[in-house]
Amino acid sequence: QGVRLDLFGTPSVVVHRYRATPSAMSVARHTVAPARVSYVASRRKRFDESSSRHSASRARGCRGAVCALPSVSTPKRVTLVRHGQSTWNEEGRIQGSSDFSVLTSKGEAQAETTRQMLEGESFDVGFRSPLKRASRTAEVIWGAREPPLVDSWVLREIDLYSFQGLLKQEGKSKFGANYAAWKADPANFEIDGHFPVRELWERGAECWEEVLRAEGKDILVVAHNAVIQAMTANALGLPPEYFRRLEQSNCGLTAFAFAPGGAVELLKLNQTPAPPVRGKDETAKRVVFVCASTEGQTSDDNSASVADVLRDVTITRALHDGDAASAALATEVSAKFLLGRDAPSASSSDELENALGEGTSAVIASASTIASFVARALGTEAAFASRLRLTRGGITVVEYAGESPARLACLNYTAHLS
């Protein structure tokens, strides 16, 4: 019921599938036009070049599937942005590294909102995936900036081979147990002789190799959900088992700071055009943290901004960690917007996890309490917490779905503070 397109004619090709509808046939004819053939050839050249860099990266030594990042001689800030909603996102079709979908009108609007969010940033260089949905998003965000955007084939989305182009229901019906394995254990999922997630994690290190070698201290990267997950995980030293545990929504942005000597800080994760406080399932267990720390920061009154964001979510319980700054902010927020039936109650950082239940808990806490909780929820080493930079009034969301491991829906969301 589909057509399989071999773009490069090599064992390491990206396989694209689509339904043989009239519109799909039109797409197929477009893909073999002379201009497109030239474009694909240029992408193949970049792919070969990136493979050489990848070999060098692996020669440096990798810890499991997480490769060491290149060192930087000067501080750098890198902002990663996922593309806006695409036509295949809207249809529920598996995209992978195929290039048939484009931005929807909603996706265009998301890209414009992200452009406004980043309007004050003075980026020195911008990288983008050449796939249309990411390329267009980058164009909107980059605007009239100079120099021109740099297309990078290593920034393409995860290669999903025979799954690409299938509706999710088709994946279930046609691939059965193999599709179930993709959903249940993606790190060890195999298809067409490949392990897509493990391949992607290695490519995530290649992406950093290219991005961090670039001139300039402020860098923009516009790409895709899975490849940004891989880059984020590599930067934080997390293996492929963390796939789907670091949320990347359409046009969500994630930012890192890199310093000479190897220090890496996650400044924010998945800052979206709309506040990410509401989950897909409001009955599921979720923790919405508000950072109350003032150390090294101004003690501005953020209570009104925080209260406005929390009005969008049904809160089942409200807590604070007992820290003086947390108790004060909790009192201020509850005065403007009562968090649940009672005023926020105190719970020490050690007792916090036991105080949570089903539904959404709002927790006003210090930066150290939040960072330690995130590290424990993700099952990382305690030192992981030191890589998270949190801002007073910033919002961090941890979600739990049934028996699945906790996932980080966002970290240090601050758009409401501007």
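The values are calculated or read from the model by the stated rules, or taken from the named source; none is laboratory data. Since this is a predicted model, take the numbers as computed values, not measurements. Counting neighbours? That spans all protein chains shown, and the Cβs are built from the backbone with ideal geometry, glycine included. Remember, those area values only see protein heavy atoms, side chains included, never the ligands or the DNA or RNA. Shrake-Rupley method; radii C 1.70, N 1.55, O 1.52, S 1.80 Å.
Quick notes on this one:
- Once the range 233-243 is narrowed to residues that are in a loop (DSSP other than H, G, I, E, B) and in contact with a strand residue (DSSP E or B) (Cβ under 6 Å, 6 or more places away or on another chain), the residue that is surrounded by the most Cβ atoms within 10 Å (Cβ to Cβ) is G237.
- Subset of the range 148-192 that is of a type in the set (S, T, N, Q) and touching a strand residue (DSSP E or B) at 6+ places or on another chain (Cβ under 9 Å) - its residue that is nearest to I94 (Cα to Cα): Q164
- Flag if E215 is touching a helix residue (DSSP H, G or I) at 6+ places or on another chain (Cβ under 9 Å) and within 19 Å of S73 (Cα to Cα): no
- In the set T391, T369, T380, only one residue is part of a loop (DSSP other than H, G, I, E, B), buried (at least 17 other Cβ atoms within 10 Å of the Cβ) and out of contact with any helix residue (DSSP H, G or I) (no Cβ under 6 Å at 6 or more places or on another chain); that residue is T391.
- Hey, W142 closer than 29 Å to A263 by Cα, over 17 Å from the mean Cα position of the chain (by Cα), modelled with pLDDT of 95 or more and open to solvent by less than 40 Å² (accessible area, probe 1.4 Å) or not: yes
- Verdict on F123 being in contact with a His (Cβ under 8 Å, 6 or more places away or on another chain) and assigned to a loop (DSSP other than H, G, I, E, B): no
Every residue, every condition in (1) surrounded by fewer than 19 Cβ atoms within 10 Å (Cβ to Cβ); (2) touching a strand residue (DSSP E or B) at 6+ places or on another chain (Cβ under 9 Å), yes or no:
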| site | (1), (2) |
| --- | --- |
| S303 | no, no |
| L310 | no, yes |
| A355 | yes, yes |
| S361 | no, yes |
| A365 | no, yes |
| S386 | yes, yes |
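- Within the range 244-269, the residues that satisfy the criterion of being of a type outside the set (G, A, S), assigned to a loop (DSSP other than H, G, I, E, B) and open to solvent by 20 Å² or more (accessible area, probe 1.4 Å) are R244, R245, E247, N250, P260.
- Hits in the range 162-185 - residues which are open to solvent by 10 Å² or more (accessible area, probe 1.4 Å) and either closer than 19 Å to A223 by Cβ or hydroxyl-bearing (S, T, Y) (or both): S173, Y179
- Residues in the range 319-343 that are modelled with pLDDT under 90 and closer than 22 Å to Y400 by Cα were compared, and the one that is most open to solvent (accessible area, probe 1.4 Å) is G340.
- From T137, T104, residue being open to solvent by less than 30 Å² (accessible area, probe 1.4 Å) and over 25 Å from G216 (Cα atoms): T104
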